[in-house]
Amino acid sequence: MKKILEHIKKNEYPKFYLFYGSEKYMVSQMKEQLYKALISPEDTINYSYFEGKKTDPEEVTELAKTLPFFSDHRLIILDQTGLGKKANDAFLEQLKECADTTVMIFIEDMVDKRSKIYKYLSKEGHAVSFEAANEKDLGKWILSLLKKEGKQMSPKTLRSFLYRCGSDMFTLKNELEKLISYTDSRAEITQKDLEDLTSSQTTNQIFVMLEAIAKKQRDKVLTLYYDLIELKESPFGILALLVRQCNQLIQVKDLDSRGNNNGTIAKKIKVPPFVVGKLKDQAKLFQMNTLYQMVEACAKTEEQIKSGIISDRVGVELLLIEFSR
């Protein structure tokens with residue numbers, strides 16, 4: 001990212017950028033920064049945006065070869081087109097003929113670093129991986145946003161905010177804007193403000209639910225379930241998240257027993273590093289065979305729901321009662 005900011009500062013750009021990874025907020029921010037630096041707001045002639053797999057490669061490359069009209073640059077954004085992930089030799093050959101004044105931004109969820117297109121774009125341009133930030137970096141970013149607004153948050157409240165709202169930067173920014181507006185002229189954002197205003201993510205509710213299951217707190221388990229139903233979460237969706245959480249705990253227990261550190265575990269199960277510590281703590285509450293039994297019970301309930309033997313709401317409720325017995 002620092003390199004991109006240097007490119008903007010010097011007004012010197014490579015022909016190609018390849019953005020990939022799970023952190024969509026930072027991808028969006030970098031894309032916007034380049035757009036503002038390269039194209040004036042009223043210029044629609046020298047800017048082209050393509051999205052989706054139906055994008056025509058020939059149309060893209062013809063535009064890329066065209067010199068800009070009364071502008072220093074032509075900008076082409078290719079969002080989730082698949083052309084930055086896999087491309088044939090003909091497309092690669094056409095890219096070599098792009099005008100020096102053209103800047104192309106390829107945006108993909110993931111890439112294959114062994115592919116010809118990745119090797120070409122990273123060699124001739126600049127490839128950047130945008131992955132979920134760790135807790136420390138997210139904390140610094142949140143505090144910097146608060147400082148601009150004359151607000152502050154204690155370290156304890158900050159940890160609670162991250163725990164409640166997850167690690168997605170779009171979600172965090174939206175929740176933060178709500179808190180800033182809610183507290184008005186008051187500088188300190190408190191734990192009570194979080195409880196009054198922020199929407200605890202469903203995944204976090206499932207996390208709390210599993211902890212209550214481990215402690216056999218049936219009333220709490222059912223209260224959390226009914227709360228999710230009130231929030232319009234489908235019982236089938238809740239069941240899927242339960243299976244996902246149990247599978248994550250199984251993976252964490254297994255990888256931890258093999259001596260993997262938190263960073264390695266985070267990469268293997270594709271969660272932010274600071275989440276691994278919480279998963280490891282929760283995994284200690286369960287025996288491995290108990291987790292396997294829970295996954296099997298969820299699969300059986302899913303089959304009963306799909307075959308019409310039982311309704312989804314009652315099926316999941318009975319399952320949770322059984323788990324917390």
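Every number here is computed from the coordinates shown, using simple stated rules; none is lab data. Source: prediction; values computed, not measured. Glycine gets a Cβ as well: all are built from the backbone with ideal geometry, and neighbour counts include every protein chain shown.
Express the relative contact order of the chain as a whole percentage, based on alpha carbon pairs under 8 Å and six or more residues apart in sequence. Don't skip to the end; give the middle numbers.
Details: 403 pairs, mean separation 50.4, N = 325.
It rounds to 15 percent for the chain.
Would you kindly derive the ³J(HN,Hα) couplings of the stretch 10-19 from the backbone phi angles with the Karplus curve 6.51 cos²θ - 1.76 cosθ + 1.60 (θ = phi - 60°), listing them in order in whole Hz, with x for Gly and Pro?
For the stretch 10-19, the Karplus-derived couplings read 8, 6, 10, 10, x, 5, 10, 10, 10, 9 Hz, x marking Gly and Pro.
Skipping prolines and chain starts, which residues have an amide H placed within reach, meaning under 5 Å, of the one on Tyr17, given they are 5 or more residues away or on another chain?
For Tyr17, the qualifying residues are Met104, Ile105, Phe106, His126.
Quick check on the exposure proxy: order Asp193, Asp100 from fewest to most C-beta atoms within 10 angstrom. Each step should come with its number before you reach the end.
Working: Asp193 18, Asp100 9.
Least crowded to most crowded, the residues run Asp100, Asp193.
Let me have the 222 nm mean residue ellipticity of the chain computed from DSSP H runs of 4+ only, each contributing -39500 (n - 2.57), with the sum over all residues rounded to the nearest 500.
-18500 deg cm²/dmol
With a 10 Å Cβ neighbour count serving as the proxy for reagent exposure, in which order, fewest first, do Ile45, Ile213, Ile39 appear?
With the sparsest Cβ surroundings first, the list reads Ile45, Ile39, Ile213.
Can you list which of the GluC sites (Glu not before Pro) found in the stretch 114-219 are DSSP loop residues with at most 15 other C-beta atoms within 10 Å?
Glu131, Glu149
Considering only Cα-Cα distances, which of the following residue pairs are longer than 30 Å: Lys24/Lys116; Lys147/Lys278; Lys136/Lys216; Lys178/Lys306?
Lys136/Lys216; Lys178/Lys306
How far apart, in nanometres, would the label points at Gln29 and Asp137 be if each is projected 7 angstrom from Cα along the Cα-to-Cβ direction?
The modelled label-to-label distance comes out at 1.0 nm.
Between Met288 and Lys9, what is the spin-label point distance in nm, taking each point 7 Å from the Cα along the Cα→C-beta axis?
Placing both labels 7 Å along Cα→Cβ, they lie 5.1 nm apart.
Whole-Hz ³J(HN,Hα) for each residue in the stretch 283-290, computed from phi via Karplus 6.51 cos²θ - 1.76 cosθ + 1.60 with θ = phi - 60°, x for glycine and proline: what do you get?
Working through the residues one at a time gives 4, 5, 7, 10, 7, 4, 5, 5 Hz.
Once you charge only the Cβ atoms, +1 for Lys and Arg and -1 for Asp and Glu, what is the size of the charge dipole of the stretch 2-129 about its Cα centre, to the nearest 20 debye?
In total the dipole reaches around 600 debye.
Which of His73, Tyr47, Gly259 sits farthest toward the positive end of the charge dipole of the chain, with +1 on the Cβ of Lys and Arg and -1 on the Cβ of Asp and Glu?
Gly259
Students often get this wrong: which residues of the stretch 141-160 have the backbone nitrogen under 17 Å from the point 7 angstrom along Cα-to-C-beta of Gln191?
Those under the cut-off are 153-160.
Looking at the chain, identify the longest residue range that excludes and avoids all chymotrypsin sites (Phe, Trp or Tyr not before Pro) in DSSP loops having at most 12 other Cβ atoms within 10 Å.
In the chain, the maximal stretch lacking such sites is 71-325.
Sorted from fewest to most neighbouring beta carbons within 10 Å, what does the list Ser154, Ser28 look like?
By the 10 Å Cβ count, ascending, the order reads Ser154, Ser28.
Suppose the chain between Lys2 and Lys123 were pulled fully straight at 0.36 nm per residue; how much longer would it get relative to their current alpha carbon spacing? Could the numbers behind the result be given before it?
Numbers: separation 121, 0.36 × 121 = 43.56 nm, distance 1.77 nm.
That pair, Lys2 and Lys123, stretches by 41.8 nm at full extension.
Once the Cα atoms of helix 202-214 and of the chain are each reduced to a long axis, what angle between those two axes, in degrees from 0 to 90 to the nearest 10, is obtained?
30
Expressed as a whole percent, how much of the Cα-Cα distance distribution for the chain exceeds 33 Å?
For the chain, the share of Cα pairs beyond 33 Å comes to 45 percent.
With a cut-off of 8 Å between alpha carbons and a minimum separation of six or more residues, what is the relative contact order of the stretch 202-323 in percent?
Answer for the stretch 202-323 is 32 percent.
Tell me the angle of helix 169-183 to the major Cα principal axis of the chain, expressed in degrees between 0 and 90 and rounded to the nearest ten.
With rounding to tens, the tilt is 70 degrees.
Spin-label point model (7 Å from Cα, Cβ direction): what's the Ile180 to Lys306 distance in nm?
4.6
Can you run phi through the Karplus equation (6.51, -1.76, 1.60; θ = phi - 60°) for the stretch 69-77 and list ³J(HN,Hα) in whole Hz, with x for Gly and Pro?
So the J values, rounded to whole Hz, are 9, 6, 7, 6, 9, 10, 10, 10, 10.
With the contact rule set at Cα under 8 Å and sequence spacing of 6 or more, what percent relative contact order holds for the stretch 135-197?
Computed over the stretch 135-197, the figure is 38 percent.
By how many nm would the segment from Asp227 to Lys53 grow when fully extended, if each residue of separation counts as 0.36 nm and the alpha-carbon distance is taken off?
Working: separation 174, 0.36 × 174 = 62.64 nm, distance 3.91 nm.
This chain segment gains 58.7 nm when fully extended.
Using the Cα centre as the reference, give the magnitude of the dipole from point charges on the C-beta atoms of the stretch 202-323 (Lys, Arg: +1; Asp, Glu: -1; all else neutral), rounded to the nearest 20 debye.
520
When the convex hull of the Cα atoms of the stretch 202-323 is projected onto a plane and the area is averaged over all directions, what value comes out in nm²?
The number I arrive at for the stretch 202-323 is 7.2 nm².
With +1 on each Lys and Arg Cβ and -1 on each Asp and Glu Cβ, how big is the dipole of the chain about its Cα centre, in debye rounded to the nearest 20? The partial results should precede the final answer.
Values: 50 positive and 47 negative charges, 268 e Å.
Computed about the Cα centre, the dipole is about 1280 debye.
Please compute the length gained on full extension between Ala240 and Asp254, using 0.36 nm multiplied by the number of residues separating them and subtracting their Cα-Cα distance.
Going from the current span to full extension adds 2.9 nm.
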